[in-house]
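Student: Handing you this structure, nothing more for now.
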Amino acid sequence: MPVTKTKKVIPAEPPHQLKKNQAMAWAKERLSDPNTVIVDVETTGLLTRDPETKIVSLSMINHKGQVILTSLVNPERPIPLDSQKIHGIEDRDVKDCMPWSVIGDIASMLMKDKHLVCYNAGFDVHLMVHLFGKYGIPVPDFEVSCAMEMYSQFVGEWSKSKGDYKWQKLPHLAYGSAHDSLVDCQSTLLLMKKMVGDFSDEPETESISLDF
C-alpha cells in the first residue's frame, strides 16, 4: 500500500478583536491579582546553544511594581562577550556577587504558589527551573503565563507561515537601559497596563523639561 503524505494544515487567522479582548482580560486579571510576580533574567547565553548557560541577573516585582528581589548573580564562569554586549554585565560586575546556589534558593521561596509573568516565559522560567535542578534547589509550585504571547495576540500581527501571531519585542517603556532585568520587569508591567488602557504612569507634559 503506497504511503501518502498528509499536507500540513496551517491554522487560519482567528478573529482579531476576540483574541485582543482575551489578551486584555488576561492583563486585567494579572494586574489585579496580588499573587502575580513579574520576573526577568539576564544570562550568559542561550540554553539551547550552551548547556552551561547561567543567570547573571534576576529581578522580581509584584503587580504594583514594588521590587521583591533584584540582584546580580555570579555565574561562576566567564560571561561571553556577545552576551556582555546585550546586557552590559561584565565579569568584574558579578565576581563578588552571590551565586545561583544562594539567589536561586531565595527565588524558589519567593515563587512558591505565585503566578509568574515573564516576557518570553519559555526562556526565563525554563532556565530557572533547569538551574534549580542543576543546583539541587526544590522546584516550587507556581503558575506561569507569557506576556510576550499575550501582547503578540493583543497586537494581532498574523504570520501565515507560522500559523500564529508574530512575536513582538518588548517595548522599552521604563526608565533605564533595556536588557536590565529590573527595567524589563517594569517595562512588562507598564505594557500590561497599557493593554488595559491604563496610562496613569505616563509622564505629564508639564513635568518634561525642554531646557537641554
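Student: Go through (1) closer than 30 Å to ASP33 by Cα; (2) touching a helix residue (DSSP H, G or I) at 6+ places or on another chain (Cβ under 7 Å); (3) not in a strand (DSSP E or B) for ILE68 and report which single condition fails.
Tutor: Going through (1) closer than 30 Å to ASP33 by Cα; (2) touching a helix residue (DSSP H, G or I) at 6+ places or on another chain (Cβ under 7 Å); (3) not in a strand (DSSP E or B) one by one, ILE68 breaks only (3).
Student: Among the numbered conditions (1) of a type in the set (Gly, Ala, Ser); (2) open to solvent by less than 40 Å² (accessible area, probe 1.4 Å); (3) without any contact (Cβ under 8 Å) to a residue 40 or more places away in the chain; (4) in contact with a His (Cβ under 9 Å, 6 or more places away or on another chain), tell me where SER152 comes up short.
Tutor: (4)
Table: residues versus (1) assigned to a strand (DSSP E or B); (2) touching a strand residue (DSSP E or B) at 6+ places or on another chain (Cβ under 9 Å); (3) charged (D, E, K, R); (4) under 22 Å from HIS172 (Cβ atoms).
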site: VAL37; (1), (2), (3), (4): yes, yes, no, yes
site: SER57; (1), (2), (3), (4): yes, yes, no, yes
site: ARG77; (1), (2), (3), (4): no, no, yes, no
site: CYS97; (1), (2), (3), (4): no, yes, no, no
site: ASP105; (1), (2), (3), (4): no, no, yes, no
site: MET128; (1), (2), (3), (4): no, yes, no, no
site: ILE137; (1), (2), (3), (4): no, no, no, no
site: PRO140; (1), (2), (3), (4): no, no, no, no
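Yes/no matrix, rows are residues, columns are (1) over 15 Å from the mean Cα position of the chain (by Cα); (2) surrounded by 22 or more Cβ atoms within 10 Å (Cβ to Cβ); (3) on the phi > 0 side of the Ramachandran plot:
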{"site": "ALA27", "(1), (2), (3)": "no, yes, no"}
{"site": "GLU42", "(1), (2), (3)": "no, yes, no"}
{"site": "THR53", "(1), (2), (3)": "yes, no, no"}
{"site": "LEU58", "(1), (2), (3)": "no, yes, no"}
{"site": "VAL73", "(1), (2), (3)": "yes, yes, no"}
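Student: I would also like to ask the following. Can you pull out every residue in the range 105-133 that is surrounded by 15 or more Cβ atoms within 10 Å (Cβ to Cβ), more than 21 Å from THR36 (Cβ to Cβ) and without any contact (Cβ under 8 Å) to a residue 60 or more places away in the chain?
Tutor: If the condition is that a residue be surrounded by 15 or more Cβ atoms within 10 Å (Cβ to Cβ), more than 21 Å from THR36 (Cβ to Cβ) and without any contact (Cβ under 8 Å) to a residue 60 or more places away in the chain, then ASP105 is the only one that fits.
Student: Given (1) under 26 Å from LEU190 (Cα atoms); (2) exposed (fewer than 15 other Cβ atoms within 10 Å of the Cβ); (3) among the aliphatic types (A, V, I, L, M), where does LEU81 come up short, assuming only one miss?
Tutor: Evaluating LEU81 over (1) under 26 Å from LEU190 (Cα atoms); (2) exposed (fewer than 15 other Cβ atoms within 10 Å of the Cβ); (3) among the aliphatic types (A, V, I, L, M) leaves (1) as the failure.
Student: Return a yes/no flag: does the range 168-181 have any residue that is out of contact with any helix residue (DSSP H, G or I) (no Cβ under 7 Å at 6 or more places or on another chain) and exposed (fewer than 14 other Cβ atoms within 10 Å of the Cβ).
Tutor: Yes - at least one qualifying residue is present in the range 168-181.
Student: If you don't mind, another one. Given the options SER59, SER108, SER101, name the one that is of a type in the set (Ser, Thr, Tyr) and over 17 Å from TYR135 (Cα atoms).
Tutor: Checking each option against the conditions leaves just SER59.
Student: Which of the numbered conditions does TYR165 fail, given that it passes all the others? Conditions: (1) open to solvent by 20 Å² or more (accessible area, probe 1.4 Å); (2) aromatic (Phe, Trp, Tyr); (3) in contact with a strand residue (DSSP E or B) (Cβ under 7 Å, 6 or more places away or on another chain).
Tutor: For TYR165, the failing item is (1).
The values are calculated or read from the model by the stated rules, or taken from the named source; none is laboratory data. Just so it is clear, the model here is predicted, and its values are computed rather than measured. Please note: Cβ atoms are built from the backbone with ideal geometry, for glycine as well, and neighbour counts cover all protein chains shown. Note: areas computed on protein heavy atoms with side chains; ligands, DNA, RNA excluded. Shrake-Rupley method; radii C 1.70, N 1.55, O 1.52, S 1.80 Å.
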